[in-house]
Amino acid sequence: MKKTIALVTGGYSGESVISYKTAATIEKNIDTDRWNFYTIDIHPEGWYYRTATENIAVDKNDFSITINGRKIKFDAALIALHGTPGEDGKLQGYFDCIGLPYTSCDAATSALTFNKRYTVAVAAFAGIPVARSLHLFKHSSVTPDDILQQLQLPVFVKPNNGGSSIGMSKVNTAEALAPALDKAFKEDNQVLVEEFIAGREFTIGVFKNKGTITTLPITEVITKKEFFDFEAKYQGASEEVTPAQVDQTIAAKIRATAAKVYSVFNCNGVVRIDFIYDEKSGQPYMLEINTVPGQSEASIVPQQVKAMGWTLKQFYTALIEGSLA
């Protein structure tokens, strides 16, 4: 008998627009010979299975839906929800409480990696190279001058919780720091200010395949913007080379570091890890971990899956099987 899967999308943040694109890609590529699936939209107005004629509310007691008097319960959730509550551990904690398997990192890892500062702190503790940074709170009395006494320009200013580069700025001058902080604080009450590291930018998907940590082919990101911002990611203002044209010694370091990150953070499902390769030190510096990476038509993980020689149908089946193992 086919298992029944909830494809969970939507969300409560500005990243929901990307969640719907990710879900659309998965809907086109999920193996319907293997799985029954229903797309569940987690929306600020409610949790629904939407048909052409009605919105069927999810029963949050057991995450079920009822269609024409028939109660449908799910065997697993395939999480395609970026931002809160699907990437910060809230949804995972709820699924843990009701005993529903899911295709992502667990609640603790999701919450930790959603906080950029805590992520780099744990990575540094494990010996993984990261950029120097400062963690600021909205109520903090730290001034731009205080920041520049501890960090060297240029710096990146980004909301501490969130993704898709929303609210992020690259700051090259002292005068531009205060507006960048204001921009980031509009998205979050915590901000990370991080020193710029010159080098080539790489990103790599990592997932578990039958219990073994597997690295996907590496992508080099060459942005037409000053950094890999929302426009570069989703509106074509970047060149993404998959597989990256890079010396195999460098590629091996990135793959090994990515696998170590996956292991150190106790990741599950597919994650995407961003790196800057610093040629001076010969080390890949970890930037951040995306525990629910975008999988729209413009996204990197689907490119990497295809470069590995898999179809997306095979990939999503592997993720679902992994959650049920």
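Under the condition of being within 13 Å of T203 (Cβ to Cβ), of a type in the set (A, V, I, L, M, F, W, C) and part of a loop (DSSP other than H, G, I, E, B), the residues counted in region 244-298 number 3. As a summary of the residue check, E194 satisfies the conditions (1) among the acidic types (D, E); (2) farther than 30 Å from S19 by Cβ; (3) crowded, with 21+ Cβ neighbours inside 10 Å except for the one numbered (2). Just one of (1) part of a helix (DSSP H, G or I); (2) touching a Pro at 6+ places or on another chain (Cβ under 7 Å); (3) within 15 Å of I79 (Cα to Cα); (4) not β-branched (V, I, T) fails for Y316. It is (2). For region 168-180, a residue qualifies if it is in contact with a strand residue (DSSP E or B) (Cβ under 7 Å, 6 or more places away or on another chain) and either surrounded by fewer than 21 Cβ atoms within 10 Å (Cβ to Cβ) or part of a strand (DSSP E or B) (or both), and the qualifying residues are S169, K170, V171. Filtering A52, A111, A77 for residues that are farther than 23 Å from A298 by Cα and modelled with pLDDT under 95 leaves a single hit, A52. Figure legend. Inter-residue proximity from region 182-195: first residues under 12 Å from N115 (Cβ atoms), second residues of a type in the set (K, R) and in a helix (DSSP H, G or I), beta-carbon distance below 6 Å, spacing 6+ or different chains. Indicated pairs: L192/K116; L192/R117.
S64 falls short on exactly one of the conditions (1) among the small types (G, A, S); (2) closer than 18 Å to L319 by Cα; (3) touching a Lys or Arg at 6+ places or on another chain (Cβ under 6 Å), and that condition is (2).
In region 134-163, the residue that is surrounded by the most Cβ atoms within 10 Å (Cβ to Cβ) out of those that are among the aliphatic types (A, V, I, L, M) and over 22 Å from E15 (Cα atoms) is V155. Looking only at strands (runs of 3 or more DSSP E) that lie completely in region 60-131, which have at least 2 residues being exposed (fewer than 15 other Cβ atoms within 10 Å of the Cβ)? Ranges flagged: 65-67, 70-72.
Whether any residue in region 137-153 is aromatic (F, W, Y) and either in a loop (DSSP other than H, G, I, E, B) or in contact with a Phe, Trp or Tyr (Cβ under 6 Å, 6 or more places away or on another chain) (or both) is what I want to check. Checking region 137-153: not a single residue is aromatic (F, W, Y) and either in a loop (DSSP other than H, G, I, E, B) or in contact with a Phe, Trp or Tyr (Cβ under 6 Å, 6 or more places away or on another chain) (or both). Do the conditions hold for E279, that is, is it charged (D, E, K, R) and over 21 Å from D106 (Cβ atoms)? Here the answer is yes, as E279 does meet what is asked. Taken over region 183-208, the criterion of being within 25 Å of Q245 (Cβ to Cβ) and either part of a strand (DSSP E or B) or of a type in the set (V, I, T) (or both) is satisfied by I197, R200, E201, F202, T203, I204, G205, V206, F207.
Name the residue that is surrounded by the fewest Cβ atoms within 10 Å (Cβ to Cβ), counting only residues in region 40-59 that are assigned to a strand (DSSP E or B) and among the aliphatic types (A, V, I, L, M). Per the stated criteria, the residue is A57. For region 5-37, residues that are under 16 Å from K313 (Cα atoms), of a type outside the set (A, V, I, L, M) and outside any helix (DSSP H, G or I) total 7. Of the residues making up region 240-268, just one is closer than 19 Å to G309 by Cα and of a type in the set (D, E), namely E240. Pairing each residue of region 106-130 that is basic (K, R) with any residue that is outside any loop (DSSP other than H, G, I, E, B), provided the two are 6+ apart or on different chains, yields C-beta distances under 6 Å for K116/L192; K116/E288; R117/H135; R117/L192. With respect to the conditions (1) in contact with a Cys (Cβ under 7 Å, 6 or more places away or on another chain); (2) more than 20 Å from G211 (Cβ to Cβ), T291 falls short on a single one, namely (2).
The values are calculated or read from the model by the stated rules, or taken from the named source; none is laboratory data. Just so it is clear, the structure is predicted and the values come from calculations on it, not from any experiment. Cβ sites come from the backbone with ideal geometry, for glycine too, and all protein chains shown count toward neighbours.
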